[in-house]
Amino acid sequence: MLTRYLCAGLLLALLVGLLFGQTAGGALAALVFGFMAGNFACSLVYRLPHGKSMLADAPYCGTCAHPLSERDLLPVIGALMLRHRCRYCGTPFPTSHTWTELLVGLLFVLAFLHYDFSEQFLLVALIGVFLITLAAIEVNEGIVMGKILLAVVVFGMLNRTLIDGTLYNFLNGGLLGLIVGALLWRKQIKPTGHIYTLPKQAQLLAAGGLCVGGHGLPVFLGLFGLSYVLFRVSRKKLLMTVAFGLAVMLPVLYPKLMLSF
């Protein structure tokens, strides 16, 4: 739907690359791709918690149900031009959509600067997209969506396998994360028949271990704990997916954090 704007953005990136070098052009192209991915993430944030299909309907206003045009969907710029209001009914829409697009765009640029346009760039970018989506859904709806967490885990495991060349490291990290989570929140483990249900906190630790592997688990746990303390000190409501996203994304983007382990 946004093909024309995507092509225009890539042509601009090509021009910037010719004038200022490949790195500048690549970073701009990554930003364009990131804005588009952020726009898709906003649809996930709105539709999935309400049980709406991603493919059944064209984009529409959640209040008046009017179909949205390409200029309405233009990432970041379109929202600013509309002053965060629907063009057709005037109802305000959350500024969190714009922040989501900006964060995903920045993430794509950082991933490009570290990995260029490679397989690892794609995997790291996808991990980030679903981490941001996971956190945005918790901010808006107060829930941790298992489907989105599963997507994070799948791309995290693929990324670890690409780096390590083996399945052992991410399996080891997931098992250790699961054990740590079960010990920390053992009182919240509830039996359902013959199956024990782990609390969301323990599930996030297991998922984080799968994404960073056994070698990166100490860094992940340290960052997760630091985020927890900062939330407590600031007296703000602890959003587990925000702490989880930071603890996963930093080691994935900056692998040197894990070298000492």
> List the pairs whose first member sits in the range 110-136 and is at positive phi, whose second member is open to solvent by less than 50 Å² (accessible area, probe 1.4 Å) and among the small types (Gly, Ala, Ser), and whose Cβ atoms are under 8 Å apart, counting only residues at least 6 apart or on separate chains?
Replying inline: Asp116/Gly26
> Quick one: which of Val144, Val139, Val153 is in contact with a helix residue (DSSP H, G or I) (Cβ under 8 Å, 6 or more places away or on another chain), under 15 Å from Val242 (Cα atoms) and in a helix (DSSP H, G or I)?
Replying inline: Val139
>> Restricting to the range 177-212, give me the number of residues that are closer than 26 Å to Pro255 by Cβ and open to solvent by less than 70 Å² (accessible area, probe 1.4 Å).
In response: 16
> Which of (1) without any contact (Cβ under 8 Å) to a residue 24 or more places away in the chain; (2) polar (S, T, N, Q); (3) surrounded by fewer than 16 Cβ atoms within 10 Å (Cβ to Cβ) does Ser227 not meet, given it meets every other one?
Replying inline: (3)
> Within the range 158-201, how many residues turn out to be over 25 Å from Leu126 (Cβ atoms), touching a helix residue (DSSP H, G or I) at 6+ places or on another chain (Cβ under 8 Å) and aromatic (Phe, Trp, Tyr)?
Replying inline: 1
> Applying the selection to the range 91-107, what residues are open to solvent by less than 30 Å² (accessible area, probe 1.4 Å) and either touching a Lys or Arg at 6+ places or on another chain (Cβ under 7 Å) or modelled with pLDDT under 85 (or both)?
Replying inline: Thr98
> Among Phe130, Phe117, Phe121, which is the only one that is modelled with pLDDT of 90 or more and surrounded by fewer than 15 Cβ atoms within 10 Å (Cβ to Cβ)?
Replying inline: Phe117
> From the list Ala29, Ala41, Ala24, which residue is surrounded by fewer than 18 Cβ atoms within 10 Å (Cβ to Cβ), in a helix (DSSP H, G or I) and small (Gly, Ala, Ser)?
Replying inline: Ala24
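The values are calculated or read from the model by the stated rules, or taken from the named source; none is laboratory data. Model, not experiment: these values are computed from the prediction. Heads up, the Cβs are rebuilt from the backbone with ideal geometry, glycines too, and the neighbour counts pull from every protein chain shown. Areas reflect the complete protein model, heavy atoms only, side chains present, ligands, DNA and RNA absent. Shrake-Rupley method; radii C 1.70, N 1.55, O 1.52, S 1.80 Å.
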